[in-house]
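The next block holds one structure in the form of structure tokens; read it before the comments.
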Amino acid sequence: MIIQKTREEIELMRESALIVSKTLGMIASEIKEGVTTLYLDKLAEEFIRDHGAVPSFLGLYDFPNSLCMSPNAQVVHGIPNNTPLKSGDVISVDCGAFKNGYHGDHAYSFEIGEVAPEVKKLLRVTKESLYVGIREFKAGNRVEDVGNAIQKYTEAHGYGVVRELVGHGVGQKMHEEPEMPNYGKRGRGKLFVEGMVVAIEPMINMGTRNIKQLKDGWTILTADGKPSAHFEHDVALIDGKPELLSTFQYIYKALGIESNEEDEFRQVPLIL
């Protein structure tokens, strides 16, 4: 069952989402060669708690940390550790925060130092596909319209679209209906309804779409060892149109990037 939110509930969700956005912005200032993911995880937990929230992921299904940190061939659900990041790495940082009874949940893939051009392209195309998908999250459309748009955009570049892992509804629970796959056929799946909130999150591999899991029970890897990219936003359906609750602008501010990519998805102006 899709749980529709009131405008008041959506504003509470926006607050949770923006705590995640600010956390990722803080991480953007700290993530660099020589830093360990476990160190970044501890910073994130402190930051989330200092902002009156609790980390959504810590203890969720017994996950041991506050961030999922997945470098290079890791797709998602990587467990922070003491291995230093090195130049040329790319890493997905997935974060959640729970405040006022609602979750925020989104992710960004970061470059460490000098990254190979073909990997930069993977990240760029994957992030572009996120917005391609968000444009399809509108009144009259269905779940697989989003997935179909993401799939066509990324497969046109020769990339593999992960099938086993999907986006999802989000609210008082981290994972609500509907599941939001990054593939599909137009016109299929549940109809979008006013007030629903979803996490759209393309997980795109440079090579094969096939994956495998480490013995830790969490970490998902590409089957061929090639890099993967992951970007995620929280989006509400308001007046039949997609409204971003999360933002990458805190990340861009930390990295000195100027971007207007989110403007078309904001009815409520973003105040950093």
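In deg cm²/dmol, rounded to 500, what helix-only [θ] at 222 nm does the chain give when every DSSP H run of at least 4 residues adds -39500 (n - 2.57) and the total is split over its residues?
So the calculated ellipticity at 222 nm is -9000 deg cm²/dmol.
In the range 7-265, with Lys and Arg counted as +1 and Asp and Glu as -1 at Cβ, which of these residues, THR247, GLY88, PHE110, has the Cα nearest the positive end of the dipole, that is, farthest along it?
Of the listed residues, the answer is GLY88.
Provide the net charge surrounding ALA44, with neighbours chosen by a C-beta distance below 13 Å and charges set as Lys +1, Arg +1, Asp -1, Glu -1.
-3
Just order 31-43, 65-77 by mean Cβ neighbour count inside 10 Å, highest at the front, would you?
Result, highest mean Cβ count within 10 Å first: 65-77, 31-43.
What residues of the range 83-101 lie in the reach of a label at LEU38, counting those whose backbone N is under 20 Å from a point 7 Å from the Cα along Cα→Cβ?
83-87, 91-94
Students often get this wrong, so try it: which of (1) 61, 43, 40; (2) 75, 68, 35; (3) 46, 42, 38 is Cα extents along the principal axes in Å as calculated from the structure shown?
Matching the structure shown: (3).
Filter the cross-link list LYS42/LYS241; LYS42/LYS215; LYS127/LYS185 down to pairs whose alpha-carbon distance in this structure exceeds 31 Å.
With Cα atoms farther than 31 Å apart: LYS42/LYS241.
Might you report the magnitude of the Cβ-based charge dipole of the range 7-265 about its Cα centre, with Lys and Arg at +1 and Asp and Glu at -1, to the nearest 20 debye?
It works out to roughly 700 debye.
Kirkwood Rh over Cα pairs of the range 145-272 into Stokes-Einstein at 37 °C, 0.692 mPa s: D in µm²/s?
202
Starting from the 7 Å offset along Cα-to-Cβ, what nm value, one decimal, do you get for the label separation of HIS157 and LEU214?
The two pseudo-label positions are separated by 2.5 nm.
How many angstrom separate the Cα center of the range 106-120 from the Cα center of the range 47-88?
17
Using alpha-carbon positions, what is the distance between the centroids of the range 174-202 and the range 132-163, in Å?
11
Mind giving me the FRET efficiency for LYS138 and ASN100? R0 is 35 Å, r the Cβ-Cβ distance, nearest 0.05 is fine.
Efficiency for this residue pair is about 0.85.
Coordinate-derived values only; no laboratory data. Given the structure is predicted, the values throughout are model-derived calculations rather than measurements. We place every Cβ from the backbone using ideal geometry, glycine too, and count neighbours over all the protein chains shown.
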